[in-house]
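Data block below; observations after.
Read-outs throughout are calculated quantities, based only on the coordinates presented, and are distinct from any laboratory measurement. Predicted model, so just to flag it, every value in this text is computed and none were measured. Methodologically, a virtual Cβ is constructed for each residue, glycine included, from the backbone with ideal geometry; neighbour enumeration extends over all protein chains shown.
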Amino acid sequence: MSLKPTVEQAIRRLRLDDDLTGDVRDAIEAAFAETLAFLDGRLYEVESPESLLDPRAIIMTPDIIAAQLLLADALVGANDTRAREYKRTAAFNILRPRRIAGC
């Protein structure tokens, strides 16, 4: 599993216009950075010997991708302030159980 959604995946799942490809690409990068900062750990695509030795390891799961898509949608979707904050809150609620303890 990839560490972040693809542009094509985001456009399809968020039902965005193809002409937003550049904006979606930038939003995915921003959402990924925000996800990493919130989780305060290191993401791994799969469990590996390296991840088993890393006390801050977080194995990628579909819900982390979904949270990134919500964060990206909050940036590029046709949202008013309320919808944008709702999506961001939902994304962080999805990520919270995976956040490194002590944060």
> How many of the residues in region 48-99 are of a type in the set (D, E, K, R), farther than 16 Å from residue 15 by Cα and touching a residue at least 40 places away in the same chain (Cβ under 8 Å)?
Replying inline: 3
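Could you please give the count of residues in region 74-103 that are among the β-branched types (Val, Ile, Thr), assigned to a helix (DSSP H, G or I) and touching an Asp or Glu at 6+ places or on another chain (Cβ under 7 Å)?
Of the residues in that region, 2 qualify.
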> So which helices (runs of 4 or more DSSP H) are wholly in region 3-73 and hold at least 1 residues that are surrounded by 13 or more Cβ atoms within 10 Å (Cβ to Cβ), of a type outside the set (A, V, I, L, M, F, W, C) and under 14 Å from the mean Cα position of the chain (by Cα)?
Replying inline: 7-14, 21-39
>> Pairs please, first residue from region 1-23 and free of Cβ contacts under 8 Å to residues at least 12 places away in the same chain and farther than 24 Å from residue 47 by Cα, second anywhere and small (Gly, Ala, Ser) and in a helix (DSSP H, G or I), Cβ atoms under 7 Å, 6+ apart in sequence or on different chains.
In response: none
